[in-house]
1. List the residues, sorted by chain then number, that are 5 or more residues from B:Leu219 or on another chain and whose placed amide H is less than 5 Å from its amide H.
2. Quick one: 3J(HN,Hα) in Hz for segment B:597-606, Karplus 6.51/-1.76/1.60 with θ = phi - 60°, rounded, Gly and Pro as x.
3. Show the residues, 5+ positions off or on another chain, whose built amide H is closer than 5 Å to the amide H of B:His413.
4. Once you have the alpha carbon radius of gyration of chain B, what is it after dividing by 2.2 N^0.38 Å, with N set to its residue count?
5. Using the number of other C-beta atoms within 10 angstrom as an exposure proxy, rank B:Val571, B:Val589 with the fewest first.
6. With a 10 Å Cβ neighbour count serving as the proxy for reagent exposure, in which order, fewest first, do B:Ile299, B:Ile460 appear?
7. Apply 1/(1 + (r/R0)^6) to the Cβ-Cβ distance of B:Ala112 and B:Arg176, taking R0 = 35 Å, and write down the FRET efficiency to the nearest 0.05.
8. So how do B:Ser303, B:Ser426 line up by other beta-carbon neighbours within 10 Å, fewest first?
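Computed from the coordinates by the stated procedures, all read-outs in this text should not be read as laboratory data. Not measured: the values here are computed from a predicted model. Note: ideal-geometry Cβ built from the backbone for every residue, glycine included; neighbour counts use all protein chains shown.
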Amino acid sequence: MQSFAFVVNGAEIVVTVPPETPLLYALRNDLALTGTRFGCGDGLCGVCTVLVDGEPRWACQLRVWEVEAKRVETVEALIAEPRHPLVTEVLAGNAGQCGYCLSGILMQARALLDRTDGVPDRAAIATALAGNLCRCGAHGRILDAIERAARTIAEAA
Amino acid sequence: MSTLPAPVVAYPLISDWIRFEPDGTLRVRTGRVELGQGIATAMVQIAADALSVAPERVRLVSGDTREAPDEGVTAGSLSVSVGGVSLRFAALAARARLLERAAALLQSSTDALDIVDGEVRRSGMASDLTLWRLAEEVDLAVAITTDVPPVPHTLAPLPRADLLSRIAGGFIHDMRLPGMLHGRPVHPPALHARLLSVDVDALAARPGVAKVVRDGDFLGVLAEREDDALAAVAWATANAVWSDGPAESLDPVAHLAAADGEAEVVLLKGEPPAEGTRFSVEVSRPPLSHGSIGPSCAIAQWSEERLTVHCHSQAVYRLKAALAEVLGLDPATVDVIHRNGAGCYGHNGADDVALDAALLARAVPGRPVRVVWSRADEFGTAPVGAPMVTRATAIVANGRIEGFEATATSFTHSSRPGPGAPYLRSAYLIEDGVPIETPGDIPLAAGGGAERNAIPAYAIAYQRVAKRVVGDIPVRTSAMRGLGAFLNVTAIETLVDDVARALGEDPVAFRLAHLDDPRARAVVEAAADGAGWPGTSADGAAYGIGYARYKNRAGYCAVVARIEVEEDVRVTDAWAAVDVGEAINPDGVRNQIEGGIVQSTSWALKEAVRYEGDRVATRDWETYPILTFPEVPRITVRIVGPQDAPPLGCGEAAQGPTAAAISNALAEALGVRLTAMPFSREAIVAALSA
């Protein structure tokens, strides 16, 4: 076991885990942040997407030591914000069925909106989500929700 | 509302379904479980609406063998039409009895009474009576009857109340019980593979391993840390030696196409026309993977002679019976409790993982054990959607179809575990387990498996429909959204298009000429209208239509697909029209149809489980790709049909019509008919060069 210090959702934390522990399991089991999910373990489905220093990364593919001294943001930060447009619009549009894929999609969308000036078009949103799988087929609603959220954010800016 | 649905016959009392709790909530029980389809929202809607209470007051208990009714399997698009209707009967019966008592207390007629969020009003004026107060003095342990007055709907359709709670938690994967260990099975690479050797001591010495369980060919590890359990399983997977299977790779579709055993005739009506031109089509689909984004998961705990299992099974009572049988327990000592899993589209690994968890937890009495399958387990161990080949023939005379014949050849669509059916994966592995068995298919009276929707919706005098169920492959096949309907509808609808094309008729007009049922005609017309049928061919696109009434008795659905073909087929748009009778939650219906269209598009264009020998070779998302965000069509859904007609299931209604519409659009675009799914780039190249 070894201790690693990094920032999670704005708070400085230290976890003591085996050094090769994937970030995914440190988040879920050691820090009880269960919004970051296991889907495939291969970096091919996107449900474990988190932001590391603002960049979307797959938490299943990162070892804890790789995020030492970095800023990690998970979906818990997004839903802790009062009425974040991405969350509000997903709920307003019933943009999901089982909801398992939503946390990773929301983080990928957040990264897209953060790096885009103005409102990204639908094709750009879909391209940004190409690595995030959804099996229930809620894609259209999710794209609609992100488009609406992007407009809300752009209008407020 | 004249006859009581089967669940009410089995659970006849109001109090079997509804209880008014002292804290001002309403405890509502249902045997139907939330699978991501939004059924919990629909059930809350039904109970709150029928009793005129705020939906926030409803506490739903679903799929819990300790108290919820046994409603069998949550499947077959019956949750609203049977389960929801049952709950509505119970709620309306409760309302009627409570209002009778209120009328006596207020010296009023019941007609003058109304309820607003559980408070009784007389002629619009508040009283001090609430449903909860009335329930204290009214016996609700009385039989539900059919003679209660219906109540007009007052509650606006609810949004998915559970969605927010699902973003950061709320799944069984997220449950943490005190003292919980992480268990992982090491599954065999193929159904018939035997565990020849594994160094159990070396496995037990891997970092963090708390215990190794070996029981016959069942192997698994337990660890305090999940990452340690995973690392140990990776080691075991690399080091365990399993018996080899045949060198020749399994090709289930070729196997089915070559099957020549006798077919069972399930429908024969009318006489074959004396003369006519025969048109035939033979279509196939490969085995399909459920591909839920969240893998199968269960938590089991043995304590004080009881086994408690938390899982996302579609059928908790049936699983309880199967677990008791495999483990040699009295079923009365087993509790199975449904928890949220990721999306469920049929008989996936949910039941199998429950036995894995129970077997691993048996080694550590008192401690809960959570098991999450790997992605490779999902692809390689869970049952697959049954591959099929369907041949259909139309006999055409006088410009219309006068005769129809179909034979659906398939592996079974029904391997669900249940009483006397211990079909759990690891039951085949343990020392005192059960022999590998291939169960039979579902009879037509129960909706049919292979032959589901092989009966055309069209007015055709002579019809002969047969099924041929083949049992001899080393793969577990079972129910997946739509069962045989997906391919059978594709077969019928491509055949109808081929005939229309040969006669020079418009496909929509040709269908309408064969449809008597006004509700069927209405959905075909609405879908065509939505798409601006026949579309414009000038823009390099092609259009196709597909129609079916699911199971010939549930929801009506027509889909028009617009495709563009370059190197790959791209479905750019889909217009659907659906008639589900009363749409309890219209947005829920739309969501189900949209999801069905996306999933069916993915099956039709991209998906196939492939084998090396008898081992599944497609074990990750790279080798088993599904439709992604940039590839999904724009979808428009119209809900049509009588809102005063009984609600009909919709969850599987779009699967067949979508694939049929794509197939027909492809035939229009290419001028040749593709018959073997998936309609991939390779399939198009092969068809064009043939």
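1. Placed amide hydrogens put B:Val186 under 5 Å from B:Leu219.
2. Those phi angles translate into 5, 4, 5, 5, 4, 5, 4, 5, 9, 10 Hz.
3. Under 5 Å from the amide H of B:His413: B:Ile442, B:Ala450.
4. Against the compact-globule rule of thumb, the ratio is 1.01.
5. Working: B:Val571 28, B:Val589 24.
Ordered by Cβ neighbours within 10 Å, fewest first: B:Val589, B:Val571.
6. Ranked by crowding around the Cβ, least crowded first: B:Ile460, B:Ile299.
7. That gives a FRET efficiency of 0.10.
8. Placing the least packed residue first, the sequence is B:Ser303, B:Ser426.
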